[in-house]
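One structure is given here, and the rest of the page talks about it.
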Amino acid sequence: MLSVGSLISSPASLSALLLESFAVLLFFALCPYLSLVLAGQLSLWCIFFPPLEKGLGEESVLRPLYMDVQATTPLDPRVLDCMLPYLMHYYGNPHSRTHAYGWESESAMERARQQVASLIGADPREIFFTSGATESNNLAIKGVARFYKSRKKHIITTQTEHKCVLDSCRYLETEGFRVTYLPVKSNGLIDLKELENALQPDTSLVSIMTVNNEIGVKQPISDIGQICSSRKVFFHTDAAQAVGKIPMDVNDMKIDLMSISGHKIYGPKGVGAIYVRRRPRVRLEPLQSGGGQERGMRSGTVPTPLAVGLGAACEVSQQEMEYDYKRISVLADRLVTKIMTEIPDVVMNGDPEHHYPGCINLSFAYVEGESLLMALKDVALSSGSACTSASLEPSYVLRAIGTDEDLAHSSIRFGIGRFTTEEEVDYTVQKCIQHVKRLREMSPLWEMVQDGVDLKSIKWTQH
């Protein structure tokens with residue numbers, strides 16, 4: 001064995017010992033990764049040189065602020081904590097009934113079902129897991145229509161529903177069903193008298209969303225449920241933008257079917273749920289065939305980690321709903337007040353009273369929405385106009401509420417959520433004011449308006 005004195009007198013021996021010690025420390029530091037390296041799931045290069053955050057073809061490391069929570073929400077860290085064990089250790093199939101792996105996954109799945117049911121005042125047996133709100137909407141509309149088609153061939157919806165609802169209804173029209181698309185008033189709300197008049201003896205279903213994903217308008221769901229219940233017509237609501245954000249109770253509101261999305265309430269993508277009332281019983285024809293999971297309603301293995309994430313997201317939302325709503329309301333009021341104080345000719349789309357505050361749709365007159373979006377490149381927003389399609393047509397929702405075409409093309413949707421900060425709102429407002437003023441200075445239309453010209457009185461000619 002080497003003594004301290006011999007090490008000091010022998011630099012080569014000291015270097016060898018230090019090198020050996022470093023190798024041992026490195027081995028223990030890399031231990032958690034070695035199994036992944038050996039399995040071919042991780043390369044040593046990735047350990048020592050992790051990838052930098054870069055945009056496609058860019059060198060920038062910074063990302064824009066996120067103000068588009070109607071499109072999707074970030075995963076709440078508390079939800080991720082609940083999901084992780086079921087991604088790594090508890091990987092059993094929840095439908096395997098012969099061993100502990102299946103039992104523990106099934107137990108987690110049923111707990112998640114209870115958490116979803118608790119949020120909306122339902123029985124856990126009335127909750128069925130799906131891949132998201134689009135599947136839930138398809139299942140509710142097509143499932144009810146096809147099951148009762150021998151006696152009832154009429155469906156009612158509105159012109160401002162989500163595309164998956166409208167497309168499902170259009171598809172049913174090709175199968176011989178009749179669909180009434182109710183118009184909405186200029187504030188985005190339906191006329192309850194028109195709904196009553198549209199009901200027919202063979203109406204099987206009314207489908208009206210709770211909170212609109214573009215303009216944030218809240219429909220009078222309780223009144224609609226009361227009307228449908230009194231006429232013995234099933235009532236379905238797409239509540240993807242409402243569940244976890246405003247109080248929802250399926251019994252008080254007399255809702256028979258409800259669609260829920262995981263990634264709109266700070267849960268994972270790829271999972272959702274449908275509520276289907278048991279008493280009085282609502283019958284559906286399943287969309288897909290298979291092993292008969294979810295009591296035959298939706299065949300296919302339930303992804304336990306995603307279901308656990310949805311349940312956890314619902315539980316967190318139930319605990320924090322009141323706090324979130326108040327905080328989001330304050331931030332929304334701050335954004336709208338500052339913008340409208342500094343910029344003239346700004347219109348808020350949708351009813352200001354019957355409205356979810358986290359979804360703000362503003363039209364900036366004499367500014368093209370796409371131009372403003374490109375100018376606000378350091379804030380993630382979306383436009384009410386069809387800026388990502390080949391069509392130059394404005395949003396069908398804004399058209400339905402009677403918005404002028406020029407204003408519809410100039411709309412921007414601001415989404416405020418649980419993790420939005422006051423600083424982010426102020427920065428967005430500052431940049432928005434700056435770029436709207438800059439774009440208007442370049443607009444000949446704005447110049448004409450400043451000179452007192454009434455643009456509606458001009459007859460434009462094409463050369």
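The values are calculated or read from the model by the stated rules, or taken from the named source; none is laboratory data. Small disclaimer: the values here were computed from a predicted structure and weren't measured. A quick note on method: Cβ atoms are made from the backbone with ideal geometry, for glycine too, and the neighbour counts reach across all protein chains shown. Surface accessibility is based on the protein's heavy atoms, side chains included, excluding ligands, DNA and RNA. Shrake-Rupley method; radii C 1.70, N 1.55, O 1.52, S 1.80 Å.
Let me spell it out: the conditions are (1) surrounded by 15 or more Cβ atoms within 10 Å (Cβ to Cβ); (2) at pLDDT below 95, and VAL79 meets all of them except one. Which number is the exception?
The failed condition is (2).
For segment 309-319, indicate whether the set of residues that are free of Cβ contacts under 8 Å to residues at least 60 places away in the same chain, in a loop (DSSP other than H, G, I, E, B) and open to solvent by 20 Å² or more (accessible area, probe 1.4 Å) is non-empty.
Checking segment 309-319: not a single residue is free of Cβ contacts under 8 Å to residues at least 60 places away in the same chain, in a loop (DSSP other than H, G, I, E, B) and open to solvent by 20 Å² or more (accessible area, probe 1.4 Å).
Since VAL330 meets every condition but one in (1) in contact with a helix residue (DSSP H, G or I) (Cβ under 6 Å, 6 or more places away or on another chain); (2) among the β-branched types (Val, Ile, Thr); (3) open to solvent by 40 Å² or more (accessible area, probe 1.4 Å), which condition does it not meet?
Going through (1) in contact with a helix residue (DSSP H, G or I) (Cβ under 6 Å, 6 or more places away or on another chain); (2) among the β-branched types (Val, Ile, Thr); (3) open to solvent by 40 Å² or more (accessible area, probe 1.4 Å) one by one, VAL330 breaks only (1).
Test of understanding: among ALA332, ALA313, ALA307, ALA273, which residue is under 30 Å from TYR366 (Cα atoms) and small (Gly, Ala, Ser)?
Matching residue, one of ALA332, ALA313, ALA307, ALA273: ALA332.
Would you mind finding the one in ALA122, ALA112, ALA117 that is modelled with pLDDT of 95 or more, open to solvent by less than 80 Å² (accessible area, probe 1.4 Å) and in contact with a Gly (Cβ under 9 Å, 6 or more places away or on another chain)?
Step by step, each of ALA122, ALA112, ALA117 is checked, and only ALA112 is modelled with pLDDT of 95 or more, open to solvent by less than 80 Å² (accessible area, probe 1.4 Å) and in contact with a Gly (Cβ under 9 Å, 6 or more places away or on another chain).
Within segment 125-148, track down each residue that is hydroxyl-bearing (Ser, Thr, Tyr) and open to solvent by less than 30 Å² (accessible area, probe 1.4 Å).
Once the filter is applied, which keeps residues that are hydroxyl-bearing (Ser, Thr, Tyr) and open to solvent by less than 30 Å² (accessible area, probe 1.4 Å), segment 125-148 yields THR130, SER136, TYR148.
Taking the criterion of being surrounded by fewer than 19 Cβ atoms within 10 Å (Cβ to Cβ) and touching a residue at least 40 places away in the same chain (Cβ under 8 Å), would at least one residue in segment 165-176 satisfy it?
no
Can you name the residue in segment 232-285 that is at positive phi and in contact with a strand residue (DSSP E or B) (Cβ under 9 Å, 6 or more places away or on another chain) and, of all such residues, is least open to solvent (accessible area, probe 1.4 Å)?
GLY244
Hey, does segment 149-159 have a residue that's of a type in the set (A, V, I, L, M, F, W, C) and open to solvent by 30 Å² or more (accessible area, probe 1.4 Å)?
No, segment 149-159 contains no residue that is of a type in the set (A, V, I, L, M, F, W, C) and open to solvent by 30 Å² or more (accessible area, probe 1.4 Å).
Go through segment 253-268 and give me each residue that's of a type in the set (Gly, Ala, Ser) and not in a strand (DSSP E or B).
GLY262, GLY267
When only residues in segment 183-198 that are aliphatic (A, V, I, L, M) and surrounded by fewer than 19 Cβ atoms within 10 Å (Cβ to Cβ) count, which is farthest from the chain's Cα centre (by Cα)?
Filtering first and then ranking leaves ALA198.
So that you can scan it fast, the table gives a plain yes or no per residue for (1) among the hydrophobic types (A, V, I, L, M, F, W, C); (2) touching an Asp or Glu at 6+ places or on another chain (Cβ under 8 Å):
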| site | (1), (2) |
| --- | --- |
| LYS245 | no, yes |
| MET248 | yes, no |
| ILE265 | yes, no |
| GLU315 | no, no |
| TYR325 | no, no |
| ILE328 | yes, no |
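Does at least one position in segment 207-217 carry a residue that is at negative phi and more than 23 Å from the chain's Cα centre (by Cα)?
Checked segment 207-217: no residue is at negative phi and more than 23 Å from the chain's Cα centre (by Cα).
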